[in-house]
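Report on one structure; see the data block that follows.
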Amino acid sequence: MADTIVIFGASGDLTSRKLVPALFQLFRKGRLDEPIRIVGFSRSPFSHEQWRKDLSESTAKFLGSNFDAKKWEEFAAQIFYHPGDIGNAQDFLTLRSFLEDLEAGEPALHLYYLATAPRFYEPAIEQLGQSGLADESKGPRRVIVEKPFGTDLATAQGLNCSIHQVFDESQVYRIDHYLGKETVQNLMVLRFGNSIFEPIWNRNYIDHVQITVAEEVDVASRAGYYDHAGVMRDMVQNHLLQLMMITAMEAPVRYEADAIRNEKVKVLHAVQPLSAAQIGTNTFRAQYRGYTAAEGVAATSRTATFAALRLSIDNWRWQGVPFYLRSGKAMSCRTTQIVIQFHAPPHKLFADSPRDLGESNRLVIQVQPAEGIQIHFHTKVPDAGMRMRQTDLNFSYQKEFRGLMPEAYERLLLDALEGDASLFARADEVEAAWRICDPVLQAWQERDRPTLMMYDPGFWGPDECREWILAQGREWFDTCPVLG
Ligand code: BG6
């Protein structure tokens with residue numbers, strides 16, 4: 001059975017930068033079990049040929065030396081374009097006829113990708129239902145929904161409700177591209193495919209966990225979107241909480257979508273709700289200097305471009321182990337890392353021991369860009385009495401496996417085509433994430449608490465945030481990864 005991928009929002013950036021290059025890579029590497037057709041749908045009046053030409057140029061640009069012009073010709077023959085307006089029911093009927101002609105009555109899987117602005121998600125779903133395009137008599141019908149999934153709990157629930165009027169939950173694939181990253185999936189392998197970590201992966205051995213997603217870039221041309229979203233909606237509600245769930249979850253009984261997602265969502269349910277007072281003391285918000293000068297940002301904007309939160313997970317494994325989540329734009333460097341900080345040894349045997357703070361054992365999971373894992377530990381300095389020094393064992397993906405890491409979208413698109421939702425968010429998961437973020441956002445916006453700090457671009461956020469964690473006897477692991 002052939003697969004037809006219909007991309008709504010086909011003329012947008014996501015399609016040309018990520019989706020089509022990822023599909024082409026899957027094709028080029030021979031990863032697709034079935035032949036695929038790609039049908040673009042958006043208002044721009046392209047012909048098939050024009051769209052193919054534009055995609056050929058953008059894909060060549062994004063793939064660089066991985067672009068294979070000969071293979072592209074073969075691939076592009078199955079790319080089509082159907083102009084249409086999401087608000088127009090007639091355009092969905094003509095899309096349906098177009099697909100029927102293309103498929104010549106043969107059964108086919110349809111994967112609908114909502115790559116539009118979020119305000120079009122609900123109308124698009126409704127039109128898919130009304131036009132009969134969600135009908136499964138001619139093959140499975142699945143829908144991929146991009147982030148942001150709602151702007152708070154109420155809108156996410158509303159969106160889930162609209163989706164469920166047309167599609168069953170098993171047909172819905174809510175994307176969070178962090179789950180498609182090799183290193184994020186490897187976190188599950190590290191934890192559940194090895195036996196040495198599990199015995200120490202708990203409050204008896206771990207002092208705290210730090211999850212940092214730092215970006216060197218500022219909001220650039222995305223200010224129009226970002227100024228409404230801010231760092232909580234853009235990064236914390238999805239990417240950071242996903243990383244936290246995988247770090248903290250129990251082992252699923254099977255590697256299967258619902259078994260995994262059941263365990264993940266339990267983590268969110270166990271997060272201790274932050275009271276208004278705790279939001280004042282356990283969350284941090286800041287804006288980089290110069291943000292309001294960006295085009296599309298109001299001069300008086302108080303949108304946070306940096307956030308830090310201390311969350312507690314109320315369960316047997318994690319009682320008393322704080323999870324520090326932190327993300328920001330315009331920071332020192334681009335790095336996503338998870339730091340598992342172990343307790344210091346209970347007894348200082350060696351007189352020349354370094355200070356305790358941040359110097360005991362840690363496991364650092366480098367999610368990107370220097371993908372790898374490091375274990376930090378103390379070693380005796382030769383010929384120096386019993387003096388110790390911090391050193392590490394370093395596993396690097398580049399050294400071990402060479403070659404390019406695949407783009408997250410490759411794995412996610414392939415999984416959606418194969419009907420594996422393990423790396424996609426379920427309705428209850430997204431809602432549980434909003435339940436954590438909503439009170440924080442409300443306190444920030446409505447009560448203006450805690451104070452919005454400022455930070456200089458090119459650093460690790462505001463100084464006050466460093467002092468805040470130091471006052472808790474801990475230290476941020478502010479280290480830029482060594483590339484190459
Ligand atoms: C997106 C956010 O979801 O993730 C962006 O909207 C952010 O603001 C991006 O830059 C980061 O993704 P990555 O894969 O580059 O870490």
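Select from region 415-427 the residues that are away from the ligand (no atom under 16 Å from the Cβ) and either in contact with a helix residue (DSSP H, G or I) (Cβ under 6 Å, 6 or more places away or on another chain) or within 9 Å of residue 180 (Cβ to Cβ) (or both) and list them in ascending order.
Once the filter is applied, which keeps residues that are away from the ligand (no atom under 16 Å from the Cβ) and either in contact with a helix residue (DSSP H, G or I) (Cβ under 6 Å, 6 or more places away or on another chain) or within 9 Å of residue 180 (Cβ to Cβ) (or both), region 415-427 yields 415, 421, 422, 426, 427.
Which of the residues spanning region 416-460 are assigned to a loop (DSSP other than H, G, I, E, B), over 30 Å from residue 33 (Cβ atoms) and aliphatic (A, V, I, L, M)? Reasoning before the result, please.
Filtering region 416-460 down to residues assigned to a loop (DSSP other than H, G, I, E, B) leaves 419-424, 426, 447-452, 456-458, 460.
Narrowing further to those that are over 30 Å from residue 33 (Cβ atoms): 447-452, 456-458, 460.
Selection gives 452 alone.
Just checking, which of 124, 134 is modelled with pLDDT of 95 or more, under 23 Å from residue 149 (Cα atoms) and not in a helix (DSSP H, G or I)?
Testing whether each residue is modelled with pLDDT of 95 or more, under 23 Å from residue 149 (Cα atoms) and not in a helix (DSSP H, G or I) leaves just 134.
Taking region 6-35 as the search range and keeping residues that are out of contact with any helix residue (DSSP H, G or I) (no Cβ under 7 Å at 6 or more places or on another chain) and of a type in the set (A, V, I, L, M, F, W, C), which one is surrounded by the fewest Cβ atoms within 10 Å (Cβ to Cβ)?
The selected residue is 14.
Only one of these is surrounded by 15 or more Cβ atoms within 10 Å (Cβ to Cβ) and at pLDDT 95 or above: 388, 331. Name it.
Every option except 331 fails the conditions.
Just the residues that are within 20 Å of residue 228 (Cα to Cα), surrounded by fewer than 16 Cβ atoms within 10 Å (Cβ to Cβ) and in contact (Cβ under 8 Å) with a residue 60 or more places away in the chain, please, taken from region 299-328.
302, the sole residue that qualifies.
Look at region 167-210 and say how many of its residues are within 13 Å of the ligand (Cβ to nearest atom), of a type in the set (A, V, I, L, M) and not in a helix (DSSP H, G or I).
1
Within region 315-334, restricting attention to residues that are assigned to a loop (DSSP other than H, G, I, E, B), more than 14 Å from the ligand (Cβ to nearest atom) and not small (Gly, Ala, Ser), which residue is nearest to the chain's Cα centre (by Cα)?
Looking at residues that are assigned to a loop (DSSP other than H, G, I, E, B), more than 14 Å from the ligand (Cβ to nearest atom) and not small (Gly, Ala, Ser), I get 322.
Could you list all residues from region 94-108 that are over 15 Å from residue 40 (Cα atoms) and surrounded by 15 or more Cβ atoms within 10 Å (Cβ to Cβ)?
Correct list: 103, 108.
Quick one: in region 391-413, of everything that is in a loop (DSSP other than H, G, I, E, B) and surrounded by 14 or more Cβ atoms within 10 Å (Cβ to Cβ), which residue is nearest to the ligand (Cβ to nearest atom)?
Ranking the qualifying residues of region 391-413, first place goes to 407.
Only one residue in 115, 134, 108, 77 is closer than 29 Å to residue 404 by Cα and touching a strand residue (DSSP E or B) at 6+ places or on another chain (Cβ under 9 Å). Which one?
115
Name the residue that is farthest from residue 419 (Cα to Cα), counting only residues in region 92-121 that are under 32 Å from the mean Cα position of the chain (by Cα) and part of a loop (DSSP other than H, G, I, E, B).
This residue is 117.
For the list (1) in a helix (DSSP H, G or I); (2) in contact with a Pro (Cβ under 6 Å, 6 or more places away or on another chain); (3) not β-branched (Val, Ile, Thr), I need the number of the one condition that residue 65 fails.
If we test residue 65 against (1) in a helix (DSSP H, G or I); (2) in contact with a Pro (Cβ under 6 Å, 6 or more places away or on another chain); (3) not β-branched (Val, Ile, Thr), just (2) comes out false.
Which members of region 383-421 meet the condition of being touching a strand residue (DSSP E or B) at 6+ places or on another chain (Cβ under 7 Å) and touching a residue at least 40 places away in the same chain (Cβ under 8 Å)?
397, 416, 417, 421
Mind listing just one residue for me: the one in region 141-151 that is of a type in the set (D, E, K, R) and within 16 Å of the ligand (Cβ to nearest atom) and, of those, farthest from residue 418 (Cα to Cα)? Give the steps one after another, and end with the answer.
Looking only at region 141-151, we keep the residues that are of a type in the set (D, E, K, R), and these are 141-142, 146-147.
From the residues that got through so far, the ones that are within 16 Å of the ligand (Cβ to nearest atom) too are 146-147.
On the way: 146: 18, 147: 21 Å.
So the residue we want is 147.
Does at least one position in region 217-232 carry a residue that is away from the ligand (no atom under 15 Å from the Cβ), part of a helix (DSSP H, G or I), under 27 Å from residue 472 (Cα atoms) and not polar (S, T, N, Q)?
No.
Is one or more of the residues making up region 152-166 within 21 Å of residue 117 (Cα to Cα), within 16 Å of the ligand (Cβ to nearest atom), part of a loop (DSSP other than H, G, I, E, B) and not aliphatic (A, V, I, L, M)?
no
Any residue in region 251-274 that is modelled with pLDDT of 95 or more, polar (S, T, N, Q) and assigned to a loop (DSSP other than H, G, I, E, B)?
So far as region 251-274 goes, yes, one or more of its residues are modelled with pLDDT of 95 or more, polar (S, T, N, Q) and assigned to a loop (DSSP other than H, G, I, E, B).
The values are calculated or read from the model by the stated rules, or taken from the named source; none is laboratory data. All figures in this text were calculated on a predicted structure; none of them were measured in a lab. Methodologically, a virtual Cβ is constructed for each residue, glycine included, from the backbone with ideal geometry; neighbour enumeration extends over all protein chains shown.
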